[in-house]
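Structure first, then comments.
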Amino acid sequence: MGLVMSEINTLFTKENVEKIVVPDIVKDDLLSIIEEKLKRAGFYYRIAYRVKAVDSMVNKLIYKDYQSSGSENEDKKMQDLIGIRIMLYYVDDVAICRNLLDTLFASPGTWETTETNEYEFRAMKVNGIFKLPAYLSKTIVNPVLSDYVDDTFEVQVRTNSFEGWHEIEHDLRYKGSAFGIGSEGLARKMNSILATFELCDDSIVGLLEDLGHQHYKAKHWDNMIRCHYRLKFDSEILHPYIIELFDSDTELAKKFYKAKREGAIKELWMDTSGKGIELTVNNIVRIVNQIGPNDPRLNEVFDRIDKEKAQENEVGNRRRKFEPFKKLGIYKVFQADTKLDLSNLPMEDVFRKSSNYIYSWVKSRFNEVFTDIPDNTSSYCDSTPGYSVLVEYNNDEMYFREKTTHLDSKIATRLWISEAVIKKEGENLVFSVSNEYAEPTDRYRDNENVLFSRPNFYGEIADNVGICDVERLKQNIKNVESQEDFMGLKALIESEDRKFPVVVFIADDEKWIEKFDADYFAYLVGYYAHVKRITTRQFKEEFAKQYSLDMAQFEDSITVFYPGQSPETSYKSHILDTTFEVIKVEKRKYWNENGCRAYRRQLVSNIRENNILR
């Protein structure tokens, strides 16, 4: 029975649907993320993108009656606001592509496939629902219907031959009833046409496999590989060294004809190198050999090939197109308000040494732009298009300030701004650093992969002089193993003068902490976070009680104390279950980490974001 008008959710209107805005960045980045992998893997494919039409969306919301109490969709939302369709040329690529798509996003897809049997033919359906990358879902505007539309997108995987009929069948059978009662004969004829498409898909694969076998028997190894693996190879021919080896051992060659395609395609897909693996018949032989049989003769052949092959020089930078001037937004990428360590040197020496590090950084970066910069630390001021330098230096009053601007060497529309101040305040030398950039506001993307950059002189001063945030910052873990250590940790955590977070590790299980690589974590954040590990049972329990940790899980945990905020604790179960989306915005690269490494990336990202936003 159809819905009575009074039962229809009053929010399901055309006006409310029209308020949903999916910006172009969703299309651009989703297609880029998926196509980059499809190309790497060598698939023959086409791809299409759509945002669900307004009328279609209204009809679906009403028909499905999402979130309606007592209905079958009571706990569901619409999941296909955004759709991606991948059309593959070979039928056996459908299952391979589906499996590989499950590795691409934060979690595997939820798939719906056509149930097949021996008596019925119909268009094959392979549809998956995936969570949108978080940084993209944030860009979608949905002011009214967010409770009814999920932050997901649908991926449909088809063969090229079935593609057109999916569209027709969907409209005639799902949206309408053209093949209903009285049309059984024509429906059967339609099914026979679909059966022909299925037969054609299978026949093409079978024909190419037979052709590959024919080339195997004729010792045409290059064509054998191309027919069997059916990837979008470039024109490079099989290397004579490989041909010679296959000619001498046809049983070895047969292993490459018999090898499953999926293994090689997965290696290509999972590669995360900058340019990807070149799609050549030689590289496929190399990859399959590494998977197995790992023949030592082939390994020797590739060693010879690698030694003889000269590396190609990269093509020079492409000429940039002119763009009109745009208003610049300013975005902070690092800040620090600290003190310099005076425990090892007199204050005067600490001031001069630290000032010299900053001045040397300024001079090394700008001496070709401003050729009259003095060799030794002194006041200086000049500017030229794209660059400026201001240095104020007063040794007697112990005051030093630098403020510089320079163009980004790779991104033409970006301008960097660095400022650092050292000044005497009572018995202390205060050290403040700010690093930010300016660029057109329409280029900026607020996402989890926040751009973060501290100037080099900050690390040099931290290494050679010492930077204090209540206590000295170091790029290693400090163990808490005595009463004095524990009291010092509590004082650090509770200090109102602390500007940087404190990260406290407790780990009875060494396996997860080893995978997390706490030493590398401390190296990454040690100059803008305090990294501690409690190693003594007594102090582990005292710490857990003091800061309200779960007494059943505290023995394997990480607690972070951001200044002015409540502590945030993660336990081993959560750490091992973490996923993290790695997003390289400028290069449009995307992949996922899982487990301890993912949590480490997430924690580093959180600490950096906190540094920028505080």
Seminar exercise, completed: One finds, for ASN191 and GLU35 with R0 = 35 angstrom and r their Cβ-Cβ distance, a FRET efficiency to the nearest 0.05 of 0.55
Seminar exercise, completed: Two pseudo-spin positions, 7 Å from Cα along C-beta at ASN394 and at SER495, lie apart in nanometres by 2.8
Problem set entry | Debye, to nearest 20: dipole size of segment 336-428, +1 on Lys, Arg Cβ, -1 on Asp, Glu Cβ | 360
Problem set entry | Gained length - GLU609 relative to CYS200, 0.36 nm times residue gap less alpha-carbon distance | 141.8 nm
Problem set entry | Computed lengthening from GLN546 to SER146, 0.36 nm per intervening residue step minus Cα-Cα distance | 140.0 nm
Exercise. Can you give the relative contact order of segment 353-420 as a percent, counting alpha carbon pairs under 8 Å and 6+ residues apart?
Worked result: 21
Problem set entry | Protein-only accessible surface order, largest first, of CYS596, CYS381 at 1.4 Å | CYS381, CYS596
Seminar exercise, completed: The distance between the Cα centres of segment 464-513 and segment 72-117, in whole Å, is 47
For this session: Report which label in (1) -0.35, -0.85, -1.31; (2) -0.24, -0.62, -1.38; (3) -0.25, -0.67, -1.57 holds the value of log10 I(q)/I(0) by the Debye sum over Cα atoms at q = 0.05, 0.08, 0.12 Å⁻¹ derived from the coordinates of this structure.
Result: (1)
For this session: Mind pulling the angle between the C-alpha long axis of helix 24-41 and the longest principal axis of the chain? Nearest 10 degrees, somewhere in 0 to 90.
Result: 70
Problem set entry | Cross-link pairs beyond the 21 Å C-alpha cut-off, checked among LYS37/LYS572; LYS474/LYS589; LYS275/LYS309; LYS19/LYS332; LYS52/LYS125; LYS363/LYS584 | LYS37/LYS572; LYS474/LYS589; LYS19/LYS332; LYS363/LYS584
Exercise. What is segment 485-614's relative contact order, in percent, from Cα pairs under 8 angstrom and six or more apart in sequence?
Worked result: 26
Exercise. Once phi is turned into ³J(HN,Hα) by the Karplus curve 6.51 cos²θ - 1.76 cosθ + 1.60 with θ = phi - 60°, what whole-Hz value does each residue of segment 361-376 show in order, with x for glycine and proline?
Worked result: 5, 4, 5, 5, 8, 10, 5, 8, 8, 10, 6, 9, 4, x, 5, 9
Seminar exercise, completed: Flagged as over-length at 30 Å C-alpha distance, from LYS27/LYS232; LYS39/LYS76; LYS515/LYS545; LYS76/LYS138, the pairs are LYS39/LYS76
Exercise. Remind me, relative contact order of the chain in percent, using alpha carbon pairs under 8 angstrom and six or more residues apart?
Worked result: 10
Seminar exercise, completed: the chain accessible area per residue, 1.4 Å probe, protein heavy atoms, integer Å², reads 54
For this session: Taking H placed 1.01 Å from N in the peptide plane, check which residues at least 5 places from LEU429 or on another chain put their amide H under 5 Å from its amide H.
Result: LEU340
For this session: Using only Cα atoms, tell me the angle between helix 184-217 and the longest principal axis of the chain; keep it within 0 to 90° and round to the nearest 10.
Result: 70
Problem set entry | Stretch gain in nm, segment ARG365-ASP349, where the contour uses 0.36 nm per residue and the Cα spacing is subtracted | 3.3 nm
For this session: Show that you can apply the helix-only estimate: for the chain, add -39,500 (n - 2.57) for every DSSP H stretch of four or more residues, divide by all residues, and state [θ] at 222 nm to the nearest 500.
Result: -12000 deg cm²/dmol
Seminar exercise, completed: To the nearest 0.05, the calculated FRET efficiency linking LYS309 and SER235 through their beta-carbon distance, R0 being 22 Å, is 0.85
Problem set entry | Principal-axis tilt of helix 92-101 within the chain, Cα atoms, nearest 10 degrees | 20
Seminar exercise, completed: When the charge dipole of the chain is computed with +1 at the Cβ of Lys and Arg and -1 at the Cβ of Asp and Glu, the Cα pointing farthest to the positive end, of ALA195, LEU429, GLN538, is that of ALA195
Problem set entry | Point-to-point label distance, GLU112-ASP577, nm (Cα→Cβ direction, 7 Å offset) | 2.7
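Could you give the dipole magnitude of the chain about its Cα centre, charging the beta-carbon of Lys and Arg +1 and that of Asp and Glu -1, in debye to the nearest 20? Walk me through the numbers on the way to the answer.
Working: 85 positive and 102 negative charges, 263 e Å.
Around 1260 debye, computed over the chain.
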Exercise. Using a probe of 1.4 angstrom, how much of the accessible area of the chain is carbon and sulfur, in percent?
Worked result: 48
Problem set entry | Simple label model, 7 Å out from Cα along Cβ direction - ASP249 to ASN73, nm | 6.0
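The values are calculated or read from the model by the stated rules, or taken from the named source; none is laboratory data. Model, not experiment: these values are computed from the prediction. Virtual Cβ from ideal backbone geometry, glycine too; neighbours counted across all protein chains shown. In case anyone asks, the SASA skips ligands and DNA or RNA and just uses the protein heavy atoms, side chains included. Shrake-Rupley method; radii C 1.70, N 1.55, O 1.52, S 1.80 Å.
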